[in-house]
Amino acid sequence: SDEITSEETTEDYAEDISYSYLRGTNLNFGSLKIQKIASNEISIYGLTQCHKKCSKIYLYIYLERKVNGSYGTYNLEKELDVAVPSGTYYRVRGYHAASNGGLKESTSTLTSGIMVK
């Protein structure tokens with residue numbers, strides 16, 4: 001049974017924001033949001049923000065599905081609405097990075113799981 005744990009929430013949305021650990025000159029923060037739209041649809045949003053113009057900005061988003069008590073990567077790339085099987089929890093994990101002139105700064109995000117039913 002996929003019971004609620006400290007990794008989940010009873011809300012219809014969850015979000016996480018993470019600032020660069022290094023107080024870097026390039027990367028400011030990364031954020032993720034997952035929201036239930038309907039009984040079988042979720043919306044996912046990710047953002048990587050820099051302090052200034054960077055030569056490369058990275059955003060990787062991974063949709064994770066809870067099955068038999070643990071989360072595993074389901075699928076996702078970029079911002080979009082996803083049709084998913086109902087009756088279980090979903091969360092998103094993100095990787096955010098920025099580089100300029102060879103210096104790469106990164107951080108990661110992880111939302112709580114939300115129930116889609």
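The values are calculated or read from the model by the stated rules, or taken from the named source; none is laboratory data. Remember, it's a predicted structure, so these values are computed and weren't measured experimentally. Heads up, the Cβs are rebuilt from the backbone with ideal geometry, glycines too, and the neighbour counts pull from every protein chain shown. Ligands, DNA and RNA are excluded from the accessible area calculation, which covers all protein heavy atoms including side chains. Shrake-Rupley method; radii C 1.70, N 1.55, O 1.52, S 1.80 Å.
Points worth noting:
- The Kirkwood hydrodynamic radius of the chain, based on inverse pair distances between different Cα atoms, is 14.7 Å.
- A simple charge model with +1 on the Cβ of Lys and Arg, -1 on the Cβ of Asp and Glu and nothing else charged puts the dipole of the stretch 46-117 at about 120 debye relative to its Cα centre.
- Karplus-derived 3J(HN,Hα), 6.51/-1.76/1.60, for each residue of the stretch 48-62, Hz, glycine and proline x: 10, 10, 9, 6, 8, 4, 10, 6, 9, 10, 10, 8, 10, 10, 10
- When the solvent-accessible area of the chain is split by element, carbon and sulfur atoms take up 45 percent of it, the probe being 1.4 Å.
- Cα-Cα over 22 Å, subset of 53/104; 66/117; 36/56: 36/56
- The value of relative contact order for the chain, using C-alpha pairs under 8 Å at least six residues apart, is 34 percent.
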